[in-house]
Every structure is written in C-alpha cells, then in structure tokens.
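> My structure is below; once you've seen it, I'll send some questions.
The values are calculated or read from the model by the stated rules, or taken from the named source; none is laboratory data. From a predicted model like this one, the values you see are computed outputs, not experimental measurements. Here the Cβ positions follow ideal geometry from the backbone for every residue, glycine too, while neighbour counts run over all protein chains shown.
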Amino acid sequence: MSELDVIMPFEAGDRLPVVRKIRVSDVGLALASGFADFWAMPTHVVFLGLIYPVIGLLLAFAVFGLDMMVLLYPLAAGFALLGPFAAIGMYELSRRREMGLDTSWRHAFDVVHSPSLRSIVTLGLLLLLWFVIWIWAANEIYIANFGYHKFESPSAFLAALLYTPEGHNVIIVGNIVGALFAIVAFATSVISFPLLLDRNVGVAVAVATSLKAVVRNPIPMACWAAIIALGLLIGSLPLLVGLAIVMPVLGHASWHLYRRTVEAPEGQRPIYTPPDKGRRYAAEFPASLFARSRDRESFDR
C-alpha cells in the first residue's frame, strides 16, 4: 500500500500495534521522563513552548476585541483539545533523544518528512473540527440561558455567572458538555499522534489503538488526563505564560507514556530526513520545478 494511504493501515495486519497493560506508576515514570527531556533540552523546548501562551493571549485579545468575552473560557479550555497535535514536535525531540540522535530545535519539524504526515494532518484537522464544534456548543449553551444579551464589562459577566440561576446553568452544563468533548478528544488522540509519528499505520488504526489503550488501562489513563488538566490549569494562571513549561513537559511525557503503552515495532526505527530530490538539469526548467522526486527514501518500518 502506498505512502499516500491516510485512513487504512500501512503495516500488515499481523504487525499492528500491540497495547500493553500499564500501571499508575508507569504514568509517574513517563512524567519523570518528560521532565528529564525538558531539562536536557530546555532552550529548544521553551522556544517552541512559547508558541502556546502567545496563541492563547492572541485568542484572549481577539475575544475581548470582538466583544465575545463569553467565549474566553470555552476557547481557553477548548485549546487543550488541540494539545496532542500541537505537541507533535515535542514527540519527535523525545523520540530522537531516545535514539541517541541530535535534538537541535530544528528537528522538531522533521515530521514534515514522515510518510505519516498526511495522516497526522488529517487527524489534526479532525481535532480542529471537534474544537470548532465545542465552541459552537458553548455559544449555544450561553444563548439558551442569557439569550443575545451583551455584558458591558467582564466583571458584570462574572457576576451574572456566579450570582444568577442562568449563570449557574451555564457553569454546570458547560463544564459537563466540555468534559464530554475533552474525554472524546483525549481517548482518540492520547496515543494516536505519537503512534503515527513512530509508525506509518493510518488514522483508523491510530485512533483504534488509542481507544484500546484507554479501555485497557482506564485508571492510569484517567490519572494521566487529570495530570494534563491540572498542569494546564496551573500553566494558565499567570496569563498563560506557564504553558511555555507545562506544554513541553506534557508533550515529552506523552511520548514516553506511548512508549510504555504500545510495544515497539520490529526492526530499525525511522529517521526522518528530507527526501532526495534527484539531480536536476537546466534544460528541464521549468518542468523540474514540479517534478516529483526520482528517488524517495523508503520508510523503514
């Protein structure tokens, strides 16, 4: 099956990912390994991690600027739904460090050379769609309780949330619905993205393996989900700046949790490098600008 396969598995059926039974202690060890990776390459990771608080602050400014303060909390909470996809660079740095390879920050973008790139992007777009649906649902919950009323200030909106029955409904229903969205996103992506980075299996197999890992290890995975939620809460408190540390640590730890949960594939693990574009000649211009690579480096499973 060609490398363009996105949904169905690339690997043979008898070599599909095997999910292990793990313990809560494995979650702690994965988190410790995440901290170890962070300290081993803090400059690179902080540099990349700054992307997340900057995006969060831009979202906040956009919300207030558009007089949509009621969506600030849903946006901030829903941003975590995209975390597994946003942390793909952290997975690659941890993977390279595990293999004893160079962990310079530029290698965080080596995923663009992976045969699974289309599958990764496809799954990322599905998460983005899930995020958009969550924002729509949060807005509908607000309208169902407050209608189209616009509050004159954040303090007035906060007072309405805390001291009115409508506000209580928004808080309770919104958090319950948000939790359901988070559970679905977590169960389908906690293993999917690291697996796609490590093996060219396709979206269907990656999601199925992630679901299987959660079902087989409900308590450890619930603990990991709680750690993620607590970490994101702590990192968000000082104007989201703490996410520059929390997100990289969680990203690295997620890779190590994947490695403890899914058995490693047989054979040499892939190293992603730019494909050989072949020799080009001046006489071939401009056709050479659009020619496909003559000799593509094969994906070593």
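> Out of everything in segment 182-236 that is in contact with a Ser or Thr (Cβ under 8 Å, 6 or more places away or on another chain) and of a type in the set (Ser, Thr, Tyr), what residue ends up being nearest to LEU93 (Cα to Cα)?
Top of the filtered list is SER192.
> Condition test on ARG199, is it touching a Lys or Arg at 6+ places or on another chain (Cβ under 8 Å) and either surrounded by fewer than 24 Cβ atoms within 10 Å (Cβ to Cβ) or in contact (Cβ under 8 Å) with a residue 40 or more places away in the chain (or both)?
yes
> Let me ask something additional. Spot the failing condition for ILE22; the list is (1) in a helix (DSSP H, G or I); (2) modelled with pLDDT of 80 or more; (3) not basic (Lys, Arg), and only one is missed.
Of everything listed in (1) in a helix (DSSP H, G or I); (2) modelled with pLDDT of 80 or more; (3) not basic (Lys, Arg), ILE22 misses just condition (1).
> Another question about this same structure. Is there a residue being among the aromatic types (Phe, Trp, Tyr), surrounded by fewer than 17 Cβ atoms within 10 Å (Cβ to Cβ) and free of Cβ contacts under 8 Å to residues at least 24 places away in the same chain anywhere in segment 88-105?
Checked segment 88-105: no residue is among the aromatic types (Phe, Trp, Tyr), surrounded by fewer than 17 Cβ atoms within 10 Å (Cβ to Cβ) and free of Cβ contacts under 8 Å to residues at least 24 places away in the same chain.
> Can you tell me which residue in segment 172-187 is surrounded by the fewest Cβ atoms within 10 Å (Cβ to Cβ), limited to those that are within 26 Å of the chain's Cα centre (by Cα) and β-branched (Val, Ile, Thr)?
ILE176
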